[in-house]
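Reading through the structure tokens given below for one structure.
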Amino acid sequence: MINTLISLLIFTSFIYSQTSYQWTLKQSGSSLGGPIDFNRFNSNIVYYGSNNTIYKSTNRGENFFVTGTTVPGASKIKCIILDDYNPGTFIVAIESSPNDKVYKTTDDGNTWILTNDEGQMSYFGIPVTQDPSNPDILYMMIDTKFKKSTDFGSSWTTIATNFGPINAPCDIEVFPDTNIILIGDNGTGIFKSTDGGFTWSQKFSTSGEIPTIAIDFTNPGTAWATKWGGGGGFLKSTDYGETWQPQPLFNGINMWGVHTQPDNGNHVIAGCYSCNTSWRTKDGGLTWTQIPISSTNYQYVIVDSMTHFAAQGNGFYKLESPYFNVFDLTSLKVLLEGSFNGTSITPDTITVEIRISTSPFALIEQTKVVLNSNGEASARFYGLQNSVPYYIVIKHRNSIETWSSSPLTFSGNQLTYDFTDSQSKAYGNNLKLINGKWCIYSGDVNQDGFVNSTDVNLVYLDNVNGISGYSNTDLNNDLLTEIYDLHQVFVNNLMGVQKITPQSPVSER
């Protein structure tokens, strides 16, 4: 009986580990090098290159469409690097004949400017990288020439040549806020420069290949490197690439892609070239979770803790999991009448509810968020569904409960909503215009859905008693209950202000 129970637990654990995370093909294609990049200021924007075509997603890799025209002469897209400050501007390095090439576009691929046309890049490698601290600076290697651009790929200058690598390397990476650059080569090992690429020294030797290096941006000096051939394996450095320690779990495995989460270097994904497996750690490599993935691997990209991409031989993959079922209400805008001075509000908390769209409009989930001085906030929910309509409900400690004018749907786990730009954004047009902005009514001190004599009396008594601090009777949020608050609640009482919801009598809507 005990053995049976143990076997059942092991089997259940195995099934759970297999189903908790799953790579899903989102865009068929033919990958090589590092054909994925995303915009650091708007991670909904993702690009993927396949053969001579550039695909773009505006919903974090859920769906793609072709952007621009085909890249001239390209048989493979080796890498894409976005100019995060100028949407639609990016460079691509391509496999071509007789020379490999670099093109730049400033109009999302509608036109292409040839900026480098010489020699050969590494066929399987990622030939261009960006300096994370100086985004206009790019580095590239053609044959044995190490090149630098200071104008985001418009022009290139050779700054070193014939310094060790026997041909164009597989990957180039830069430590932030330093002049330290690492190169992973095929047939020699890892090289390091401490002067921005002018001089180099070899730090690790292998007869195999170093396909990918990943820099940890949150743990200074830490980097990871994969090994293909030469015994395979996976390496880690904690001293800016001076020394490298093999990770025993990966001995003998021909590894390929690796990437670290930009804002949490303890989160790393790595994979082998052709064993249909990826590995994920959230503790800097102390423990690893295996996740199956189809086809050969070239690149992994971690955007954040719940957004992970892979460039495989047969296309673009996204990691999915019940744990990733996060829905973001981004760019939510709400202004509170009481504290709005015509320009800004005093930051305060509100409760954001998600309710089903049909009677009895049951509460699905709620969260408390902070409105900044511009009335902006983001709210995160779990367990919702895309394309299913929901009402958004805003509650505040002394304001009228306000519903969105109609049910709204999430797309790609994202939704934006602005209550301030039109009276029609609230159910029953239940908003007040102040200096060109629509605000939620204040004065419902006891939160019964009405601004009435009870609320007036509560504010009056607190005013008489000199109440101060964060109180429901302090409508303008200046930490005092005073005549201004009393005036506002009195006016809204005379106006008969009350909440209006889909359940309200027709006469009140």
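The values are calculated or read from the model by the stated rules, or taken from the named source; none is laboratory data. Source: prediction; values computed, not measured. Neighbour counts are summed over all protein chains in view; Cβ atoms, including those assigned to glycine, are modelled from backbone coordinates with ideal geometry. What goes into the accessible areas is simple: the full protein's heavy atoms, side chains included, and nothing from ligands, DNA or RNA. Shrake-Rupley method; radii C 1.70, N 1.55, O 1.52, S 1.80 Å.
Of the residues in region 81-99, how many are under 20 Å from Ile137 (Cα atoms) and of a type in the set (Asp, Glu)?
2
Give me the pairs: first residue in region 391-410 and without any contact (Cβ under 8 Å) to a residue 40 or more places away in the chain, second residue of a type in the set (Val, Ile, Thr), beta-carbon distance under 9 Å, and six or more apart or on different chains, which are they?
Listed pairs, sorted by first residue: Ser404/Ile392; Ser404/Val393; Ser404/Ile394; Leu408/Ile392; Thr409/Val388.
Going by the structure shown, is Gly231 surrounded by fewer than 23 Cβ atoms within 10 Å (Cβ to Cβ) and small (Gly, Ala, Ser)?
Against the criterion (surrounded by fewer than 23 Cβ atoms within 10 Å (Cβ to Cβ) and small (Gly, Ala, Ser)), Gly231 qualifies.
In region 290-307, which residue that is part of a strand (DSSP E or B) and at pLDDT below 95 is nearest to Glu320 (Cα to Cα)?
So the residue we want is Thr307.
Going by what's in this entry, would Gln447 be described as at positive phi and either open to solvent by less than 10 Å² (accessible area, probe 1.4 Å) or outside any helix (DSSP H, G or I) (or both)?
yes
Could you pull out every one of the strands (runs of 3 or more DSSP E) wholly within region 145-264 that has 1 or more residues that are without any contact (Cβ under 8 Å) to a residue 40 or more places away in the chain?
Because the criterion is at least 1 residues that are without any contact (Cβ under 8 Å) to a residue 40 or more places away in the chain, the strands (runs of 3 or more DSSP E) in region 145-264 that meet it are 145-149, 157-161, 189-193, 201-205, 223-227, 233-237.
Cβ-Cβ under 7 Å, sequence separation 6+ or interchain: first residue in region 49-60 and farther than 15 Å from Gly33 by Cβ and in contact (Cβ under 8 Å) with a residue 40 or more places away in the chain, partner crowded, with 22+ Cβ neighbours inside 10 Å and of a type in the set (Val, Ile, Thr). Which pairs?
Arg60/Val46
What tally of residues in region 37-57 results from selecting those that are among the β-branched types (Val, Ile, Thr), farther than 14 Å from Ile91 by Cβ and open to solvent by less than 10 Å² (accessible area, probe 1.4 Å)?
Residues that pass the stated criteria total 1.
In region 381-435, which residues are on the phi < 0 side of the Ramachandran plot and surrounded by fewer than 14 Cβ atoms within 10 Å (Cβ to Cβ)?
Selection gives Tyr382, Gln385, Val388, Pro389, Ser406, Thr409, Ser411, Thr416, Asp421, Ser422, Ser424, Leu433.
Which of the strands (runs of 3 or more DSSP E) found entirely inside region 384-442 contain at least 2 residues meeting this: hydrophobic (A, V, I, L, M, F, W, C)?
The qualifying strands (runs of 3 or more DSSP E) are 390-395, 432-434, 437-439.
Hey, among the residues in region 179-220 that are open to solvent by 50 Å² or more (accessible area, probe 1.4 Å), in contact with an Asp or Glu (Cβ under 8 Å, 6 or more places away or on another chain) and not polar (S, T, N, Q), which one's modelled with the lowest pLDDT?
Of everything passing the filter in region 179-220, Phe217 is modelled with the lowest pLDDT.
Being farther than 20 Å from Asn39 by Cα and either open to solvent by 40 Å² or more (accessible area, probe 1.4 Å) or touching a residue at least 12 places away in the same chain (Cβ under 8 Å) (or both) is true for just one of Thr115, Thr89. Which residue is that?
Thr115
Name the single residue, out of those in region 278-289 being part of a strand (DSSP E or B) and open to solvent by less than 20 Å² (accessible area, probe 1.4 Å), that is nearest to Cys79 (Cα to Cα).
This residue is Ser278.
Could you check how many residues of region 159-178 are over 17 Å from Asn219 (Cα atoms) and either open to solvent by less than 30 Å² (accessible area, probe 1.4 Å) or not aromatic (Phe, Trp, Tyr) (or both)?
Count: 13.
Just to be sure I understand, how many residues within region 63-85 are closer than 15 Å to Asp107 by Cα, touching a residue at least 60 places away in the same chain (Cβ under 8 Å) and assigned to a loop (DSSP other than H, G, I, E, B)?
So the answer is 1.
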